[in-house]
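Structure record follows, encoded as structure tokens.
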Amino acid sequence: MNRKQKRAQRVRHPKLRPSKSQRKQVLALTAEGKNRELVATEAGVSIAKLRTDFASELDQGRKLAADKKADEEKDEALTMEEYHYLDVLTDSFNSHWQDATKGNLLFAGTDGKGARSIEDAFAAWKKRGGRYSVTGLSSKFDPDRAKDFAKIASDYRNKFER
């Protein structure tokens, strides 16, 4: 038997195509930011097969993960105006300008009277347009205060801007 005859007799295995559920699973896991090894294990395929048969799902998943991360960072980002306004608010709430019965004597709340909390004063400021002059103020933020302020700003955005 010659070489051509032997080749013709070989059993050819049908190419296995990924199922729709596998494709959805790969897309979802990649969008969550999982690494290729974990995605391949969960989908029940080798890493090489993952790269060849699921290339578009991997690309789409990476784009979705990047978009999600950008949205989260946007929610946590503070503008210079927000940082400096919250800095002044915090200082006034921790001073003699905060009255137990009248609220804050410098900053109005959403009801038009003295603000009862920093969040209330921040929400009122944002509703009025959120303008604050930062000319000449430092752009170096205290990381600890910026983290606290970012939470206040993020809570406001989640509550009122969506």
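How high is the relative contact order of the chain, in percent, counting Cα pairs under 8 Å that sit 6 or more residues apart?
On the way: 131 pairs, mean separation 29.1, N = 162.
After rounding, I find 18 percent.
If you fit an axis through the alpha-carbon atoms of helix 143-160 and take the longest principal axis of the Cα set of the chain, what angle between them do you get, 0 to 90°, nearest 10?
The helix 143-160 is inclined about 80 degrees to the chain.
Along the positive direction of the dipole of segment 80-160 (beta-carbon charges: Lys, Arg +1; Asp, Glu -1; about the Cα centre), which of Ser138, Trp125, Ser92 reaches farthest?
With unit charges placed on the Cβ atoms, the residue in question is Trp125.
Quick one: Kirkwood hydrodynamic radius for segment 15-72, alpha-carbon pairs, angstrom, one decimal?
Numbers: mean 1/r = 0.0890 Å⁻¹.
So the Kirkwood estimate lands at 11.2 Å.
So, counting K/R as plus one and D/E as minus one, what does the shell of residues with Cβ under 14 Å around Gly109 add up to? Can you show the working numbers first?
Numbers: positive: Lys102, Lys113, Arg116, Lys126, Lys127, Arg128; negative: Asp99, Asp111, Glu119, Asp120.
Around Gly109, the charge tally is +2.
How many lysine pairs are close in segment 80-160, with Cα atoms under 25 Å apart and the two 8 or more places apart or on different chains?
Lysine pairs meeting the criterion: 17.
To the nearest 10 degrees, how steeply does helix 118-127 sit against the main Cα axis of the chain, on a 0 to 90 scale?
So the helix axis and the longest Cα principal axis differ by about 80 degrees.
Using just the C-alpha positions of segment 80-160 as equal point scatterers, what log10 of I(q)/I(0) does the Debye formula give at each q in 0.14, 0.27 1/Å?
-0.45, -1.39
Using alpha carbons only, how many angstrom separate the centre of segment 131-162 from the centre of segment 86-129?
15
Relative to the first principal axis of the alpha-carbon coordinates of the chain, what is the inclination of helix 55-76, with its axis defined by its Cα atoms, in degrees from 0 to 90 and to the nearest 10?
Compared with the principal axis, the helix lies near 10 degrees.
Reported to two decimal places, what Rg/Rh ratio describes the chain when computed on Cα atoms with Rh from the Kirkwood expression?
Working: Rg = 28.3 Å, Rh = 20.5 Å.
With Rh from the inverse mean 1/r over Cα pairs, Rg/Rh is 1.38.
Given the DSSP H assignment, sum -39500 (n - 2.57) over each helix run of at least 4 residues in the chain and divide by its residue total; what's the result at 222 nm in deg cm²/dmol, nearest 500? Working shown, then result.
Values: 8 runs with 98 residues, N = 162.
That comes out to -19000 deg cm²/dmol.
Every number in this text was worked out from the coordinates using simple rules, so none of it is lab data. Just so we're clear, the structure is a prediction, and the values are computed from it rather than from any experiment. Glycine also receives a Cβ, built like all others from the backbone with ideal geometry; neighbour counts cover every protein chain displayed.
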